[in-house]
Amino acid sequence: MAGVQARPVRRRSPEKTEDLLFRRYCRFRGLKYYSLSQARASKQTPGLPDHLVFLPRLVMVELKGAKGKQSPAQIEFQQYAEANHIPYVVGTYEVVKAALEAMIGAASP
């Protein structure tokens, strides 16, 4: 009788974990956001941020794991956004959360 083989455990990438935490945070805070992140290669324009968040002002968010780095296309997109006065936040979930909280606090009367 052959034994049953267990499926190998797939570990979530650090960036996927950051993304999951970010989505939960947005739902908890009632923030309107749109996800542009793609799990695999797509025909999406290279360099687009992972998320668009409305605070009510548009903020672009690029999530990275602790050791993650932006691609050249992402850096170029960030520079273009910032040159056009569009806030762009890049970093881990904790970095992004702190930046958004600061923006929310600054927008409160």
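A simple rule links phi to the HN-Hα coupling: the Karplus curve 6.51 cos²θ - 1.76 cosθ + 1.60 with θ = phi - 60°, which for region 75-83 gives 5, 4, 5, 4, 4, 5, 4, 5, 5 Hz, with x for Gly and Pro. A Förster distance of 22 Å, applied to the separation of the beta-carbon atoms of ALA66 and GLU101, puts the FRET efficiency at 0.65.
Shown in residue order for region 95-103 are the 3J(HN,Hα) couplings computed by the Karplus curve 6.51 cos²θ - 1.76 cosθ + 1.60 at θ = phi - 60°: 5, 5, 4, 4, 5, 5, 4, 5, 5 Hz (x for Gly and Pro). About its Cα centre, the dipole of region 58-109 is roughly 180 debye, where the only charges are +1 on Lys and Arg Cβ and -1 on Asp and Glu Cβ.
FYI, it's all coordinate maths here, none of it is from the lab. Note that the structure is predicted; figures quoted are calculated from it, not measured. Here the Cβ is made from the backbone with ideal geometry for all residues, glycine too, and neighbour counts use every protein chain on show.
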